[in-house]
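Chemist: Here it is, the structure in full.
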Amino acid sequence: MIGKMAWFEMLLISISLSACVTEDVKPLFDMEAKRVAVIPFYDRPLNEWPSEESVAISRMVALNIRAENIDDIEVLLPRVVEQFFDERDIKKMTIQQIGESLGVQYVIHGEIIKFDTKGEILGLAMGLFRGLIRVHDVAKDLTVFERDRTIEYPPVPVMGIPDHRIRSELLKLIGSRIGRMFYHHEPVEEGVSLQ
């Protein structure tokens, strides 16, 4: 009887441990072992490329992928991309030409449809990003991935958060949410710290 009881307890422990193990979330677009550049998004409301916000967004996405990915994605440092943009008349170049010049296989880019850190609803503060995220295959000269995203910070409007804090936290959230689209990761429950 003791042997059967021990076996049953081991079975229960095994079942409960396997229930705790979570599967990785697969990337929406797999760039494993590829060389990638994240370039500033086109800022549709400002009709500007690059804009201050688009440079900040591309920097946060690139840094997130560099720091968090386990898929051996080689992402160019943001300063390399920013220096490239500073030294050329980018508006006369195509995405393919930019990718070829940077020596990458894929270019992550997109459009800012809305970026607002001063949004107020009855005196409550909230930041909002709405945009399109694209991946351009440089060799094929083709957009191979496109998704739209809406990201809010905080998820519920609150009082008393200064605009600069909302901007900073919103940029971090944009970087992580867009970055995670491209590498395997554990499921993430987004928490918000309002301290």
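Chemist: Starting from residues that are at pLDDT below 85 and charged (D, E, K, R), keep the ones in the range 155-195 and report whichever is farthest from R130 (Cα to Cα).
Modeler: Going through the qualifying residues, I end up with E186.
Chemist: Now a separate question. Looking at the range 150-163, I want the residues that are more than 8 Å from L124 (Cα to Cα) and free of Cβ contacts under 8 Å to residues at least 40 places away in the same chain and have a partner that is among the charged types (D, E, K, R) and surrounded by 13 or more Cβ atoms within 10 Å (Cβ to Cβ) with Cβ atoms under 7 Å, at least 6 apart or on another chain. Which pairs are those?
Modeler: T150/R130; I151/R177; Y153/E169
Chemist: Can you pull out every residue in the range 35-49 that is modelled with pLDDT of 95 or more and surrounded by fewer than 18 Cβ atoms within 10 Å (Cβ to Cβ)?
Modeler: R35
Chemist: Does the range 70-90 contain at least one residue that is modelled with pLDDT under 90, of a type in the set (D, E, K, R) and within 27 Å of G127 (Cβ to Cβ)?
Modeler: Scanning the range 70-90, I find no residue that is modelled with pLDDT under 90, of a type in the set (D, E, K, R) and within 27 Å of G127 (Cβ to Cβ), so the answer is no.
The values are calculated or read from the model by the stated rules, or taken from the named source; none is laboratory data. Remember, it's a predicted structure, so these values are computed and weren't measured experimentally. Methodologically, a virtual Cβ is constructed for each residue, glycine included, from the backbone with ideal geometry; neighbour enumeration extends over all protein chains shown.
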